[in-house]
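Comments concern the structure below.
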Amino acid sequence: MKKLVLVLIFFPVLLFSQSGPKIEIVGGDNINTGNHRRGQELTYEITFKNVGDQDLQVTSVQTSCGCSSALASTDAVKPGESGTIKFTYNGLGMGSVTKAVMVTTNENGNSTKNIMLTMNMVDPLTLNPGSIVTEGKVGDELKQKASIVNSMDKEIDITEITSNTPVIKISADKMALMSGETSNLDISIKIYEESAINAAIIIKTTEGEFQIPVLVDVKAN
């Protein structure tokens, strides 16, 4: 009987490293830019790097809508070097807003990388309550409370809290607010005459001026 002889032939496996240009977005392709003031134009800088071994050519940068734009700092990036993309958004959204930036390069001949930017568009301050409506009689001194919350990712300074009428007095326990911090207001409304009080509490800050409307219905004694 003839024996079957198995001959195993081993072929060397050659590992090839990827050659050519390759774009890498610093921080990843999905970027959360944090809180921004609603209605105000914002600019965000995206950093990218050429992690390949040949020059990276940026041939096109586009955004997903006309409310935003993007522009690369350079159209050629050498291996190991970095470039930036300046992204601009008009800020007209409310809440969480996501926009895409499409970057076309010479990677793999011609390819497009999608970068998703998420922005939380907020009012700088949250006022609670948004308005004060109450009632009283001549001679009454009405006590009210309100709060101011910093909704931004940076410090906001309150430069002045006043009213457009002398019958309303306000005091605050804090005039400099870090992100997320609250200033509590004690409000006193003195009724001197039998006519409704239609006024406002005016809050001046480093992010602009804000108001809490105040309406007091004065009852007859």
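The values are calculated or read from the model by the stated rules, or taken from the named source; none is laboratory data. All values reported here derive from a predicted model rather than from experimental measurement. Backbone-built Cβ (ideal geometry, glycine too); neighbour counts: all protein chains shown.
Could you check residue 140 against (1) under 29 Å from residue 45 (Cβ atoms); (2) without any contact (Cβ under 8 Å) to a residue 60 or more places away in the chain and say which number it fails?
(1)
Here's the yes/no breakdown for (1) more than 12 Å from residue 23 (Cβ to Cβ); (2) surrounded by 14 or more Cβ atoms within 10 Å (Cβ to Cβ); (3) at pLDDT 95 or above:
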{"residue": "44", "(1), (2), (3)": "yes, yes, yes"}
{"residue": "48", "(1), (2), (3)": "no, yes, yes"}
{"residue": "56", "(1), (2), (3)": "no, yes, yes"}
{"residue": "86", "(1), (2), (3)": "yes, yes, yes"}
{"residue": "89", "(1), (2), (3)": "yes, yes, yes"}
{"residue": "94", "(1), (2), (3)": "yes, no, no"}
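Can you tell me which residue in region 181-205 is farthest from the chain's Cα centre (by Cα), limited to those that are surrounded by 13 or more Cβ atoms within 10 Å (Cβ to Cβ) and not in a strand (DSSP E or B)?
For region 181-205, the residue satisfying everything is 191.
Going through 121, 152 one at a time, which residue ends up being assigned to a loop (DSSP other than H, G, I, E, B), touching a strand residue (DSSP E or B) at 6+ places or on another chain (Cβ under 6 Å) and surrounded by 13 or more Cβ atoms within 10 Å (Cβ to Cβ)?
One residue alone meets the criteria, 152.
Scan region 106-118 for residues that are part of a strand (DSSP E or B) and over 14 Å from residue 70 (Cβ atoms) and jot them down.
111, 118
Among the residues of region 206-221, count how many are among the hydrophobic types (A, V, I, L, M, F, W, C) and either surrounded by fewer than 13 Cβ atoms within 10 Å (Cβ to Cβ) or without any contact (Cβ under 8 Å) to a residue 24 or more places away in the chain (or both).
Here the count works out to 1.
(1) of a type in the set (A, V, I, L, M, F, W, C); (2) more than 27 Å from the chain's Cα centre (by Cα); (3) within 28 Å of residue 88 (Cβ to Cβ): which one isn't true of residue 168, the others all being true?
(3)
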